[in-house]
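Working notes, structure below.
The values are calculated or read from the model by the stated rules, or taken from the named source; none is laboratory data. Because the structure is predicted, anything quoted here is derived from the model rather than measured. All Cβ positions, even for glycine, are placed from backbone atoms using ideal geometry, and neighbour counts span all protein chains on display. Side chains are part of the model used for accessible areas, which takes the heavy atoms of the whole protein and leaves out ligands, DNA and RNA. Shrake-Rupley method; radii C 1.70, N 1.55, O 1.52, S 1.80 Å.
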Amino acid sequence: MTAELSNDTTEKKPRHPWDWYVEEQWVTHALLDMIELETDVDYLDPFCGMGNIPSTLLDRGYRAFGTDKFSRAGHNASFFLGEHDFMGDQRHMMEASSGLSIVMNPPFSYQDGQLVRGLSLRIAKRALELATHKVAALVPLKWLSSKERYAFFNATKPAIFVFSERPSMPPGDQIEDMGEDAYKRGKVDYMWLLWDKQRPAMDFAPTRWIPPRDVAR
């Protein structure tokens, strides 16, 4: 649900107050095509929104679930485990799983219409505290350039998967009204960051590029 942060000054759509921005399922499939996931752990998206990430993982045969601060997945979403504030004081039972990976598109910096500085970094740190295996976060490419995150990156050194094709991530509450235009063009460069807590620490951050969909691998 990362915000589509555009430099296009002609953009008139208001920013979603909770940074609910929706990636298409191909965005998660693209990551899964490039990595190996464990089949004996649970996968949680704590900001699941409409459920595209857990639905993609389920399509691939993994045990996937989702929670969110608000119910947006629909009544028939069997993967949805209820409303839950990932950054709140209470822990969800799924977050105590003995085998847990977290795959998420977290809010970038806004909550209830207010700017929350350092929000996405605090979310990444919380995910790394809870996960036993992997943490994958979909964030804007510019997230790498930050004095505030330097120490975090230097200590954790995630694998970096850069999208060669810009994904489009419209506000979740505007998708229906936008119709066919909802996913026409992406305006922001994105990447997946992947931490693997089951592997020894590395002294560098490996980087790979995700090819555009119309280019054969």
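Couple of notes before you dig in:
- Qualifying residue in the stretch 44-52 (condition: of a type in the set (Asp, Glu), within 12 Å of the chain's Cα centre (by Cα) and closer than 22 Å to Arg213 by Cα): no
- Filter result for Leu141 (aliphatic (A, V, I, L, M), under 15 Å from the mean Cα position of the chain (by Cα) and modelled with pLDDT of 95 or more): yes
- Helices (runs of 4 or more DSSP H) lying entirely in the stretch 77-189 (those with 1 or more residues that are open to solvent by 20 Å² or more (accessible area, probe 1.4 Å) and farther than 19 Å from Asp19 by Cα): 119-130, 150-156
- Scan of the stretch 183-199 for residues that are at pLDDT 90 or above and out of contact with any strand residue (DSSP E or B) (no Cβ under 9 Å at 6 or more places or on another chain), ordered by number: Arg199
- Counting the residues of the stretch 55-76 that are in a loop (DSSP other than H, G, I, E, B) and either of a type in the set (Ser, Thr, Tyr) or at positive phi (or both) gives 4.
- Meets criteria (open to solvent by less than 20 Å² (accessible area, probe 1.4 Å) and either without any contact (Cβ under 8 Å) to a residue 12 or more places away in the chain or assigned to a loop (DSSP other than H, G, I, E, B) (or both)) for Pro200: no
- His29 meets each of the listed conditions (1) open to solvent by 40 Å² or more (accessible area, probe 1.4 Å); (2) at pLDDT 95 or above; (3) in a loop (DSSP other than H, G, I, E, B) apart from (3).
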